[in-house]
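J.: Supplied in structure tokens, the structure appears directly below.
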Amino acid sequence: MPPAEVKKRLRVVLVIVVAIAAIVFIVLRSLHEKTPDNLLVLHGNVDIRQVDLAFNASERVESLRVEEGDRIKTGQLLATLEKERLQHQVQQAGAQVKAQEDVVAALVAGTRPEDIRKARAEAVAAKAEADNAELTNRRLQNLAKKEVVSKQDADNAKAAADSSRARLQAAKEALDLAVAGPRKEDIAAAKATLNALREALAVANKNLSYAELYAPSDGVIQSRILEKGDMASPQKPVFTLALTDPVWVRAYVSETDLGKISIGTKAEVTTDSFPGKKYPAWIGFISPTAQFTPKSVETREVRTSLVYQVRVFVNNPENELRLGMPATVAISLGQEKQERAGQQKRP
């Protein structure tokens, strides 16, 4: 057989061998990847909530106590603002409250005994002066009738007597007010003013407390946005916090598989980053509305088919799952039937 013919036949055999190997590989791969009938497999991505942390006051940043990547605990102090201006506001409001408390205390206590004795003495002096002026007026009026004194002197004596009687009346009323003490309306108004000032003091203290930023929950500092000396405000976040609990996988289930799962259904989550490691999980949310299959989800169905979003909550004690990480969710479809059958057997 000519060498050329031998080479040609060898090439044909080689092509056939390669084709057979490819077919065997595809068959074995399909058999390996075939999903059992009692297992529902979903594909999605790890999702973690993020929180923007900002001061509830406007002032310059004094200190930042955490860095990007730091794990923090609930209630941990993260940053502080300059407090001098806020402390002055607290002191001012406190002084106003103290002054008004003294006013209220004086009104509630009533008129001091010393003031009452003074008012009584002034009333006695006014009466004596009025009596003397009245006597003088009578004498001069009699003398004026006899034309012993001038009419002008008689008129002056009468005016002095009238003025003395008016001063006596004023002294009596002042004594009555001193004995009666402050009016209830004045005390109520003073107390209302005191309550308003106390509320202003509470607001000042609250504003002072806003100068400290605490962690609302456990998590990891993802971004540190402001630095020392920056002007902070409620509209300007200082940190971005990634919450480590809860962590879930955002996946999508087709309409035909929707009836196979329910809230609380157990599952297992695996990732390419940690091959062979399975994370216990459960379905915590199923969307009540359908949507078109997102482009980021790889499924065997047509892209335009309707799917429902599900959230599969995952136990992540070692903080291995990261935001956006691709994940596979395996759900055993027989677990609910098994659990229900077990419950029916119980007495």
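Residues are listed down the side, and each one gets a yes or a no for (1) within 30 Å of Leu40 (Cα to Cα); (2) assigned to a strand (DSSP E or B); (3) modelled with pLDDT of 95 or more; (4) not charged (D, E, K, R):
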site: Leu213; (1), (2), (3), (4): no, yes, yes, yes
site: Pro216; (1), (2), (3), (4): no, no, no, yes
site: Val220; (1), (2), (3), (4): no, yes, no, yes
site: Ser223; (1), (2), (3), (4): no, yes, no, yes
site: Leu241; (1), (2), (3), (4): no, yes, no, yes
site: Thr244; (1), (2), (3), (4): yes, yes, no, yes
site: Val247; (1), (2), (3), (4): yes, yes, no, yes
site: Ala251; (1), (2), (3), (4): yes, yes, no, yes
site: Leu258; (1), (2), (3), (4): yes, no, no, yes
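Quick grid of which residues meet (1) touching a residue at least 60 places away in the same chain (Cβ under 8 Å); (2) crowded, with 16+ Cβ neighbours inside 10 Å:
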| position | (1), (2) |
| --- | --- |
| Thr74 | yes, no |
| Thr80 | yes, yes |
| Gly110 | yes, no |
| Pro113 | no, no |
| Arg117 | no, no |
| Lys127 | no, yes |
| Glu173 | no, no |
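J.: Would you please name the residue that is farthest from the chain's Cα centre (by Cα), looking only at residues in segment 56-65 that are crowded, with 17+ Cβ neighbours inside 10 Å and at pLDDT below 95?
T.: Glu59
J.: I'm trying to understand the selection: among the residues of segment 267-290, which are surrounded by 15 or more Cβ atoms within 10 Å (Cβ to Cβ) and over 13 Å from Val310 (Cα atoms)?
T.: Glu268, Val269, Thr270, Thr271, Tyr279
J.: Now a separate question. Are any of the residues in segment 89-102 crowded, with 17+ Cβ neighbours inside 10 Å, charged (D, E, K, R), modelled with pLDDT of 75 or more and part of a helix (DSSP H, G or I)?
T.: no
J.: Only one of (1) outside any helix (DSSP H, G or I); (2) at pLDDT below 80 is not met by Asp155, so which one is it?
T.: Condition not satisfied by Asp155: (1).
J.: In addition: Take Ala19 and tell me if it is modelled with pLDDT of 95 or more, assigned to a helix (DSSP H, G or I), of a type in the set (A, V, I, L, M) and surrounded by fewer than 14 Cβ atoms within 10 Å (Cβ to Cβ).
T.: No, not satisfied.
J.: Can you report the number of residues in segment 264-290 which are in a strand (DSSP E or B) and either of a type in the set (Phe, Trp, Tyr) or modelled with pLDDT under 90 (or both)?
T.: So the answer is 3.
J.: Also, quick follow-up: Restricting the search to segment 243-266, which residues are of a type in the set (Gly, Ala, Ser) and surrounded by fewer than 19 Cβ atoms within 10 Å (Cβ to Cβ)?
T.: Those that are of a type in the set (Gly, Ala, Ser) and surrounded by fewer than 19 Cβ atoms within 10 Å (Cβ to Cβ): Ser254, Gly259, Ser262, Gly264.
The values are calculated or read from the model by the stated rules, or taken from the named source; none is laboratory data. Quick caveat: nothing in here was measured; it's all calculated off a predicted structure. Glycine also receives a Cβ, built like all others from the backbone with ideal geometry; neighbour counts cover every protein chain displayed.
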